[in-house]
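The values are calculated or read from the model by the stated rules, or taken from the named source; none is laboratory data. Since we're looking at a predicted model, the values are computed, not measured. Virtual Cβ from ideal backbone geometry, glycine too; neighbours counted across all protein chains shown. Keep in mind that these areas ignore ligands, DNA and RNA; they rest on the heavy atoms of the full protein, side chains included. Shrake-Rupley method; radii C 1.70, N 1.55, O 1.52, S 1.80 Å.
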Amino acid sequence: FSRPNAINLQLIQVNEVIQEATTIISYQKGFRNIKLELLLEESLPTIMADERLLQQVLINLFINAMDAMPEGGKLYVSSEHRTMNNQGPLDYTLPENGITIMVRDTGAGIDPKHINKIFDPFFTTKSNGTGLGLSIVHHIIKTHGGGVDIKNSAGKGAECIVTLPLWEG
């Protein structure tokens, strides 16, 4: 965490990275009782990003969702192209054109007393966690010029919304 790797920016298709990450996570034992639902916008514009780091972001989010649903549940992953004029199905507004990736689970949600600490390095509520997952997610997305927002429904799951800027080349 204290030694950031070099970023290898290239034009990527977000949906391909999402599909690769879901394939990787599907082999995890804890993922067996989780139903995955993908809702990916078909014609997303490309973005300039580090594919490996974006995949790491997604896998961290999927592992958090998996850990929140030890008895199983549903994991929803969606992508969409957003503009200030296109509100789409998600209930937030981007400051500019961008791609959003939403990861939502039907787990226990986040205890409201912890919500302000979840991006802090080394903060964890897991007995076997390092507390680096969400702080790494936050750092990687900020490095890419994007943002991360968490929406929580304690007892009903959590939703992570990642925004990434479009490539203006």
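Check the range 61-69 and report whether any residue there is open to solvent by 70 Å² or more (accessible area, probe 1.4 Å) and modelled with pLDDT of 90 or more.
no
Output the qualifying pairs, or none if there are none: Cβ atoms under 8 angstrom, residues six or more apart or on different chains, first residue in the range 18-37 and free of Cβ contacts under 8 Å to residues at least 12 places away in the same chain and in a loop (DSSP other than H, G, I, E, B), second residue open to solvent by less than 70 Å² (accessible area, probe 1.4 Å) and aliphatic (A, V, I, L, M).
Sorted first by the residue in the range 18-37, then by its partner, the pairs are Ser26/Leu36.
Among the residues of the range 21-31, is any closer than 25 Å to Asn97 by Cα and under 13 Å from the mean Cα position of the chain (by Cα)?
Yes; the residues of the range 21-31 include at least one that is closer than 25 Å to Asn97 by Cα and under 13 Å from the mean Cα position of the chain (by Cα).
In the range 135-150, how many residues are open to solvent by 30 Å² or more (accessible area, probe 1.4 Å), under 12 Å from the mean Cα position of the chain (by Cα) and in contact (Cβ under 8 Å) with a residue 24 or more places away in the chain?
Counting residues in the range 135-150 that are open to solvent by 30 Å² or more (accessible area, probe 1.4 Å), under 12 Å from the mean Cα position of the chain (by Cα) and in contact (Cβ under 8 Å) with a residue 24 or more places away in the chain gives 3.
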